[in-house]
Structure formats: structure tokens, C-alpha cells
Amino acid sequence: MIDDILRERFRHPVDATGAWLARRGVRAEALTVAGFAVGVAGCVAIVGEHYWLALLCLALNRLADLLDGAVARASRVTDWGGFLDILLDLLIYSGYVLAFAVGRPENALAAAVLIYTFLATGASFLAAANIAAKRGIAREPPEKKSFFYKAAIAEGAETTAYLALICLFPGAFVVLTYGFAAICWVSVAGHFLWARRFR
């Protein structure tokens, strides 16, 4: 929901940093993979109940995710890079949740519900994006903005906030997870209603 706002607010410093890195030979894909590796380390930290370390790994993972796109824009944007970025992001999101279930089995049911929900949000988003690509829909005018765009309230920023909260308050994992799952289902409903217009 707030990804576009944050992107516009920090676009210039992020793009400037990406251009600086690109001039020094840093590749976008290398940043993506490095960020994924740090994210996996965060998952391992959660299993060992080292939550502050997991939070640090999450911050570094998100920083790499922020900069890999900027580096790509300053050098060369590829479909492979975009694919890798989305795939590894989803693996880290789900990995953090799974790690809480492994580290504390009493979290398993809530974790399973949210991972199932991530499957629904990811599938509905990608299916809607496929429809948009086929029909040449990039962004509707503000006065005709569809529910699909309005209802995407569980995007990258919100997911990062959720992951940070469960690292800060691991004892509240179950409550936070069910709450975030409910928010995610609003996005699924929005994608569904948007796609239904193209019957």
C-alpha cells in the first residue's frame, strides 16, 4: 500500500547510490543473491532464537533488495533479474515464518496459515500481472484506479514491517501472524475482484 509512496520519496538517493555501485562494477544479480544469503542467515538465527541478529539480517536483506533494482536501472534491466528478485524475496518472506515454526513448534499452525496465505497472495498477484501484461495495462488514470491497485495493502513494505515486528516481539508471533494473514487476504480479494472484470 505504501510501496509507491516510499519509492517516490527515496527514489533520488537510492538511484544515485545504485549508479555509484554500477560504476564500480557491482552487478544487480550479485546484490540480489548476496541479500538472499543474508536472509537465509536470518532464518537460521531465528531457529536459534537469536532474534536481534535475525532483525539485522532482515535489514541488510531489504537494503540489498532496495539497491539491486537501482543498480539494474543504472546498468541493464533484465527479465532474469526481475524473476530472481521476486523469487528470492518470496523465499525469504516464507523462510522467516517457517523458521519461527521450526524454532518454536507452538507457532507451527499460525506459520502454516500465513505460508498458505503467501501462496494465495503471490499467485493472485502474478495472475493479475499476467492479465495486465496481455492487455497492456500499466497503470490506470487516478480517476479510474481499479480496486486491484487500491487493495494491494500487503506489499513489500508491509511484509517487511511484519517480519521486523515478529523479530522484535517473538512472543506475539501467533497474534501478529494471524493479523497479517487477514490483511493479506484483503489483497487477494482485491486481485480477484479486479481480474473478474475481464470475464
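Computed from the coordinates by the stated procedures, all read-outs in this text should not be read as laboratory data. All values derive from a computational prediction rather than experimental measurement. Note that each Cβ is placed from the backbone with ideal geometry, even for glycine, and that neighbours are counted across all protein chains shown.
Taking other C-beta atoms within 10 Å as the exposure proxy, 106, 29 rank 106, 29 from fewest upward.
Just need the Rg to Rh number for segment 82-124, please, alpha carbons only, Kirkwood Rh.
Working: Rg = 11.1 Å, Rh = 10.7 Å.
Result for segment 82-124 is an Rg/Rh of 1.04.
Each Cα pair under 8 Å and six or more residues apart adds its separation to the average, and for the chain the resulting relative contact order is 26 percent. This ranking places 199, 9 by how few other beta-carbon atoms lie within 10 Å of each, fewest first, which gives 199, 9. Computed per residue of the chain from DSSP H runs no shorter than four, each worth -39500 (n - 2.57), the mean residue ellipticity at 222 nm is -27500 deg cm²/dmol. The string of couplings for segment 22-29 from the Karplus curve (6.51, -1.76, 1.60, θ = phi - 60°) is 4, 5, 9, x, 6, 9, 4, 5 Hz, one whole number per residue in order, with x for Gly and Pro.
Relative to 2.2 N^0.38 Å, what does the C-alpha radius of gyration of the chain come to as a ratio? Two decimals please. Could the numbers behind the result be given before it?
Numbers: Rg = 17.5 Å, N = 199, 2.2 N^0.38 = 16.4 Å.
My calculation over the Cα atoms of the chain gives 1.06.
Of the residues 155, 49, the one with the fewest other Cβ atoms within 10 Å heads the list, and the complete ranking is 49, 155.
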